[in-house]
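Peer 1: The structure is given below, and queries will be raised subsequently.
Computed from the coordinates by the stated procedures, all read-outs in this text should not be read as laboratory data. Note that the coordinates shown come from a computational prediction; the quantities given were computed from them, not determined experimentally. Cβ atoms come from the backbone with ideal geometry, glycine included; neighbour counts cover every protein chain shown.
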Amino acid sequence: MKNILITGGAGFIGSHVVRSWVKRYPGCRVVNVDKLTYAGNLANLKEVEGKENYLFVRADICDFEAMRELFTRYAIEGVIHLAAESHVDRSIEDPFAFARTNVMGTLNLLQAATLAWAGDHAGKVFYHVSTDEVYGSLAADAPPFTEATRYDPHSPYSASKASSDHLARAFHDTYGLPVKISNCSNNYGPYQFPEKLIPLFIHNIVQEKPLPVYGKGENVRDWLHVEDHARAIDLIFHEGRVGDTYNIGGGNEWRNVDLIKVLIRVTDELLGRPAGSSARLITHVTDRAGHDARYAIDSSKLQRELGWRPSLPFEEGIRRTARWYLDNPGWLAGVTSGEYRHYYEKMYGTRTTIGHENS
């Protein structure tokens, strides 16, 4: 049985990857390590928590000795590294937390893998998942980011992710570690923590609360459904070239103000409200410091070399997403109330390791 370490598997993207791998690869044991910060929610993983090929370990990637022990104890042969502090606003408030987790945490994992594998890299992969924000801001008429675009991060978050990307490449070049990297555009879909734009606005529309829009809402983002991202991660892990970087994007640029109009129209319709009635909730607020104007990803390398394509048209993806949040009010209520943070203790008490250790 091949043992795969997935970091941050209780988070938004991580939980989609964990659920997919546990169900798709019964001969592979998925070891999910997560510190369970505010963004980690084990309720995202209820459907796999009893599976024979799933193991959860509560640990901090900033704890080097704990990471070394994980590699040794579970004979880890592959890593999908998703654990990260990821919210730009929080990085502006506390940049140290982002440097600790995103830079030092990644370094710990790279070093732990290097020591555990000791030059025996046959069949092993260290896959580092990153963001398009490392590339900086695009002008309105500029071509999308490619894998050759120069890094130009503008926030503490994007700077910390750029640093971790450089470390991953350095470990490949210096120690021969079998590293793969991807940089993805904005994700959306079920189980996303409601500090992010799409779930926050769906929740606020339902509750008839203000919809806070930075500045004029003219910032542009490229949106990709999280399930399409999870498919790309699977493909790159298995078929991508070691030492390579792959950009993952939806080819789906939207100004924030236009995206919000779609969210309002779709959510109002699903709620049975008059079309566009929630537009009155839009509230323009002071723009974020250093707010990048535009992100756009050229994923042609991934499409050309590995045959990946985004599968969901955007409006269908938005409709599915809004429908999921409306159909799962308990999940959203648990997150917004903070009750989700007690799920671990209620289910597992003080244990740090959960699952089938002898499988």
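Peer 1: For the chain, what does -39500 (n - 2.57) per DSSP helix run (n ≥ 4), summed and divided by total residues, give at 222 nm, in deg cm²/dmol to the nearest 500?
Peer 2: Calculated from helices alone, the mean residue ellipticity at 222 nm is -12000 deg cm²/dmol.
Peer 1: Each label point is 7 Å from the Cα along the Cα-to-Cβ direction; what then is the distance between the points at R320 and T286, in nm?
Peer 2: 4.0
Peer 1: For the chain, compute Rh as the Kirkwood radius over C-alpha pairs and then the Stokes-Einstein diffusion coefficient at 10 °C and 1.306 mPa s; write the answer in µm²/s, rounded to an integer.
Peer 2: 76
Peer 1: Related question: For a quick check of your reading of the filter: which GluC sites (Glu not before Pro) in region 70-168 sit in a DSSP loop and have no more than 10 other Cβ atoms within 10 Å?
Peer 2: Numbers: sites: E77, E85, E93, E133, E147; in loops: E77, E85, E147.
In loop regions of region 70-168 (DSSP not H, G, I, E or B), there are no sparsely surrounded GluC sites (Glu not before Pro).
Peer 1: With labels modelled as points extended 7 Å from the Cα through the Cβ direction, what inter-label distance (nm, one decimal) is found for E208 paired with Y25?
Peer 2: Label-label distance for E208 and Y25, simple model: 4.9 nm.
Peer 1: Taking the Cβ of I4 as the center, what net charge do the other residues with Cβ under 9 Å away carry, scoring Lys and Arg +1 and Asp and Glu -1?
Peer 2: +1
Peer 1: Same structure, new question: Tell me whether region 182-229 comes out rounded, prolate or oblate; compute the Cα gyration tensor, take square roots of the eigenvalues as a ≥ b ≥ c, and use a/c under 1.5 as the rounded threshold.
Peer 2: Oblate, because a/c is 1.5 or more while a/b does not exceed b/c.
Peer 1: Determine the relative contact order of region 39-162: mean sequence separation of Cα pairs under 8 Å and six or more apart, normalised by residue count, in whole percent. Before the final figure, lay out each step's value.
Peer 2: Values: 123 pairs, mean separation 36.2, N = 124.
Normalised by residue count, the contact order of region 39-162 is 29 percent.
Peer 1: What are the semi-axes of the equivalent ellipsoid of region 113-261, taken as the square roots of 5 times the eigenvalues of the Cα gyration tensor, listed largest first and rounded to whole Å?
Peer 2: Numbers: eigenvalues 218, 60, 37 Å².
Each semi-axis is the square root of five times an eigenvalue, giving 33, 17, 14 Å.
Peer 1: How long is the gain from E52 to S311 if the chain were fully straight, where each residue apart is worth 0.36 nm and the alpha carbon distance is subtracted?
Peer 2: Stretched out fully, the E52 to S311 stretch lengthens by 90.2 nm.
Peer 1: Let me ask another. Run the simple label-point estimate for A333 and T146 please: 7 Å along Cα→C-beta, distance reported in nm.
Peer 2: 5.2
Peer 1: Can you work out D for region 276-326 in µm² s⁻¹ from Stokes-Einstein, where Rh is the Kirkwood radius over C-alpha pairs, the temperature is 25 °C and the viscosity is 0.890 mPa s?
Peer 2: Details: Rh = 15.2 Å.
The estimated diffusion coefficient comes to 162 µm²/s.
Peer 1: Which of the three applies to region 111-195, rounded, prolate or oblate, going by the alpha-carbon gyration tensor with a ≥ b ≥ c and a/c under 1.5 meaning rounded?
Peer 2: prolate
Peer 1: Determine the alpha carbon to alpha carbon distance for each of K209/K261; K46/K196; K46/K180 and list only those over 25 Å.
Peer 2: K46/K180
Peer 1: Using the Cα gyration tensor of region 1-114, with a ≥ b ≥ c the square roots of its eigenvalues, what is the shape: rounded (a/c below 1.5), prolate (a/b larger than b/c) or oblate (neither)?
Peer 2: oblate
Peer 1: Once each part is reduced to its C-alpha centroid, what is the distance from region 258-312 to region 169-246 in angstrom?
Peer 2: A separation of 13 Å, based on Cα centres.
Peer 1: Report the net charge of residues surrounding T245, where surrounding means a beta-carbon distance below 15 angstrom and charges are Lys +1, Arg +1, Asp -1, Glu -1. Show your work: numbers first, answer last.
Peer 2: Details: positive: R150, K161, R169, K180, R241, K301, R304; negative: D132, E133, E147, D165, D173, E239, D244, D298, E305.
Charge balance in the 15 Å sphere: -2.
Peer 1: Quote to one decimal, in nm, the extra length available between E269 and K346 on full extension: 0.36 nm per residue of separation minus the C-alpha distance between them.
Peer 2: 24.0 nm
Peer 1: Now a separate question. What does the highest-first list of 100-111, 274-285 look like by mean Cβ count within 10 Å? Walk me through the numbers on the way to the answer.
Peer 2: On the way: 100-111: 21.9, 274-285: 13.4.
Descending packing order for the listed peptides: 100-111, 274-285.
Peer 1: In region 236-294, which chymotrypsin sites (Phe, Trp or Tyr not before Pro) are in a loop and have at most 16 other Cβ atoms within 10 Å, using DSSP for the loop call? The partial results should precede the final answer.
Peer 2: On the way: sites: F237, Y246, W254; in loops: none.
Counting only loop positions with at most 16 other Cβ atoms within 10 Å, none of the chymotrypsin sites (Phe, Trp or Tyr not before Pro) in region 236-294 qualifies.
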